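Encoded as structure tokens, the structure appears first; notes follow it.
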Amino acid sequence: MNVGDKIVIKAEKMVAGGDCMGRANGKTVFIPYAIPGETYEAEITKSFRDYDNAKITKIIEKSNHRVEPFCKLYGICGGCNMQHIDTEMQVELRKQILRDAFTREGIDCPEIEVIGGTEKGYRARIQLTDGGFSEKSSNKIVTLDECPVATAEINRYLKETPQEERPNGRVHVFGDARVQNDNHLLIANERAKNDMSIKITGAGERRKSKVKAKKNVHFKGSMLAGENKCSVILKDKKIDFDVQGFFQSNLEVLEKTIEKMRMNIGGTNMLDMYSGCGTFSLFLSDFFKKTTLVEHNRDALVFAETNLVGTTHESYGQSGEKWVETNADAFMKRNGQFDAVIIDPPRQGMEKAVCKWLCDTKIGQIRSVSCNASTHARDAAMLVKAGYTLEKLYLLDFYPQTAHTESLAFFGYLGD
């Protein structure tokens, strides 16, 4: 088919990313803003050898789950892509996307449970460019005075601050009632460096200083702009992070996820692989005698050290692969086997060396968090093949009104 051709097509299923797929003239076609079961008149917008993209020009058969979007910028800004679908159906579609990813890897999924929250007013982080949002698939800037999925604190800022008075360039805005400052809001401008570094040693010791190498220093520290430090209270505990780094933007669902992670876990040694600023370690370290954090992002690990002061822990500023190669065996000779592993890798999933080490080590409990269903399923398949059992699978519904899925899997190993 050629660009501009008109077709009649039925949406069969939703795929990762939120488009629906169907078939026309023997070819797969992907259609945004569709709902499975609907039939459309559509126009081909891009044509490739193996598939085409199309846009809806007319809905011929409409789903009962189609609703009117509540945001005036829906379809213009590059954020939400499921506001045209009712809330209950949205959740089912995100569960289906997650289930399909695991099924493709040959995994027999347990019933997927949902950890969710409010469907509007939940998002504590937005990114502004020259004071506005980026238009979908464009460099144009969309002006706005509200975002219905953002928190009340962010919307107050958008309403009270005219477009021309907002910072130029790309900035992160983090706002929530849990943020510990007067207006519960932090705006991070371009990253600046200053001389406030924290020296990290092996047992969670810290002090402010210029970095000097010592025998037990796993990494040399970090230079961060103090004005970018954000502090929030989660479940009565304070946690600091760099607002320009990674931190979950749906704090309600994050608190529920933490509570789920704390269930039926404990022992002597816990490993937090890809620990970030130590969010999970902060809450799970209460159940273990010693916690070990591995994180290649040294800025994040500086905050982890701050957050875990007072706990017995050890931090490694290394990639997972490097830690497995240089420190894993020595650690276990000194301290014994790990009783549990918490692992939260980036979108590309576990490094191969980390996944192989987990498969070979046969740790009793693994709790795996992921922001990418495909790589989560790929890594899960390796663990299952090595003898682990996928005991529970949760959809972490961090981003209502979008097709983005995050997940939590519980793996157990009962022995040979």
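The single condition among (1) under 19 Å from Leu395 (Cβ atoms); (2) free of Cβ contacts under 8 Å to residues at least 40 places away in the same chain; (3) open to solvent by less than 10 Å² (accessible area, probe 1.4 Å); (4) not hydroxyl-bearing (Ser, Thr, Tyr) that Val294 does not meet is (1). Here is a check on your reading of the model: is Glu227 at pLDDT 60 or above and over 21 Å from the mean Cα position of the chain (by Cα)? It is true that Glu227 is at pLDDT 60 or above and over 21 Å from the mean Cα position of the chain (by Cα).
What's the number of the condition Asp299 fails, among (1) free of Cβ contacts under 8 Å to residues at least 60 places away in the same chain; (2) in a helix (DSSP H, G or I); (3) open to solvent by 10 Å² or more (accessible area, probe 1.4 Å)? Of the numbered conditions (1) free of Cβ contacts under 8 Å to residues at least 60 places away in the same chain; (2) in a helix (DSSP H, G or I); (3) open to solvent by 10 Å² or more (accessible area, probe 1.4 Å), the odd one out for Asp299 is (1). Checking each residue in region 4-49 for being over 24 Å from Asn372 (Cα atoms) and loosely packed, with under 14 Cβ neighbours inside 10 Å picks out Gly4, Lys6, Val8, Arg23, Asn25, Gly26, Lys46, Phe48, Arg49.
Note on region 259-281: residues that are open to solvent by 40 Å² or more (accessible area, probe 1.4 Å) and either within 26 Å of Lys352 (Cα to Cα) or among the hydroxyl-bearing types (Ser, Thr, Tyr) (or both) amount to 1. Can you tell me which residue in region 248-258 is farthest from Thr118 (Cα to Cα), limited to those that are open to solvent by less than 10 Å² (accessible area, probe 1.4 Å) and in contact with a Lys or Arg (Cβ under 8 Å, 6 or more places away or on another chain)? Out of the qualifying residues, it is Ile258. A count restricted to region 131-179 and to residues that are under 25 Å from Ile239 (Cβ atoms) and either buried (at least 18 other Cβ atoms within 10 Å of the Cβ) or at pLDDT 95 or above (or both) stands at 19. Kindly indicate whether any position in region 236-247 is among the polar types (S, T, N, Q) and either buried (at least 22 other Cβ atoms within 10 Å of the Cβ) or part of a strand (DSSP E or B) (or both). The answer is no, given that none of the residues of region 236-247 is among the polar types (S, T, N, Q) and either buried (at least 22 other Cβ atoms within 10 Å of the Cβ) or part of a strand (DSSP E or B) (or both).
Those residues that are out of contact with any Gly (no Cβ under 7 Å at 6 or more places or on another chain), hydrophobic (A, V, I, L, M, F, W, C) and more than 24 Å from Val243 (Cα to Cα), I need them from region 295-349; list them, please. Listed by number, the residues that qualify are Trp323, Val324, Ala328, Ala330, Phe331, Met332, Phe338, Val341. Number of residues in region 57-76 that are surrounded by 18 or more Cβ atoms within 10 Å (Cβ to Cβ) and either under 26 Å from the mean Cα position of the chain (by Cα) or assigned to a strand (DSSP E or B) (or both): the value is 3.
For region 109-130, filtering for residues that are in contact with a helix residue (DSSP H, G or I) (Cβ under 7 Å, 6 or more places away or on another chain), open to solvent by 30 Å² or more (accessible area, probe 1.4 Å) and not in a loop (DSSP other than H, G, I, E, B) leaves 1.
For region 86-108, the condition of being modelled with pLDDT under 95, open to solvent by less than 60 Å² (accessible area, probe 1.4 Å), over 22 Å from the mean Cα position of the chain (by Cα) and not charged (D, E, K, R) holds for none of the residues. Annotation: of all residues in region 401-416 being among the aromatic types (Phe, Trp, Tyr) and open to solvent by 10 Å² or more (accessible area, probe 1.4 Å), the one that is farthest from Ile265 (Cα to Cα) is Tyr413.
For residues that are under 15 Å from Lys237 (Cβ atoms) and of a type in the set (A, V, I, L, M), scanning just region 302-317, find the one that is surrounded by the fewest Cβ atoms within 10 Å (Cβ to Cβ). So, considering only residues that are under 15 Å from Lys237 (Cβ atoms) and of a type in the set (A, V, I, L, M), the one surrounded by the fewest Cβ atoms within 10 Å (Cβ to Cβ) is Val309.
In region 335-363, the residues that are in contact (Cβ under 8 Å) with a residue 40 or more places away in the chain form Cβ pairs under 6 Å with partners that are of a type in the set (Lys, Arg) and not in a helix (DSSP H, G or I), at six or more places apart or across chains, as follows: Ile342/Arg367. Mind listing just one residue for me: the one in region 132-169 that is part of a loop (DSSP other than H, G, I, E, B) and among the aliphatic types (A, V, I, L, M) and, of those, farthest from Phe70 (Cα to Cα)? The extreme case among them is Leu144. Say whether the condition of being within 27 Å of Leu393 (Cα to Cα) and touching a Leu at 6+ places or on another chain (Cβ under 6 Å) is met by at least one residue in region 329-339. Yes, region 329-339 contains at least one residue that is within 27 Å of Leu393 (Cα to Cα) and touching a Leu at 6+ places or on another chain (Cβ under 6 Å). Among (1) under 16 Å from Leu308 (Cβ atoms); (2) in a helix (DSSP H, G or I); (3) open to solvent by 20 Å² or more (accessible area, probe 1.4 Å), there is one condition Leu284 misses while meeting the rest; what is its number? For Leu284, the failing item is (3).
Within region 248-273, the set of residues being in contact with a strand residue (DSSP E or B) (Cβ under 7 Å, 6 or more places away or on another chain), more than 19 Å from Leu308 (Cβ to Cβ) and not in a helix (DSSP H, G or I) comprises Ser249, Asn250.
The values are calculated or read from the model by the stated rules, or taken from the named source; none is laboratory data. Everything numeric here is computed off the predicted structure, so don't read it as measured data. Backbone-built Cβ (ideal geometry, glycine too); neighbour counts: all protein chains shown. Each accessible area value is taken on the protein alone, full model and side chains, heavy atoms only, with ligands, DNA and RNA left out. Shrake-Rupley method; radii C 1.70, N 1.55, O 1.52, S 1.80 Å.
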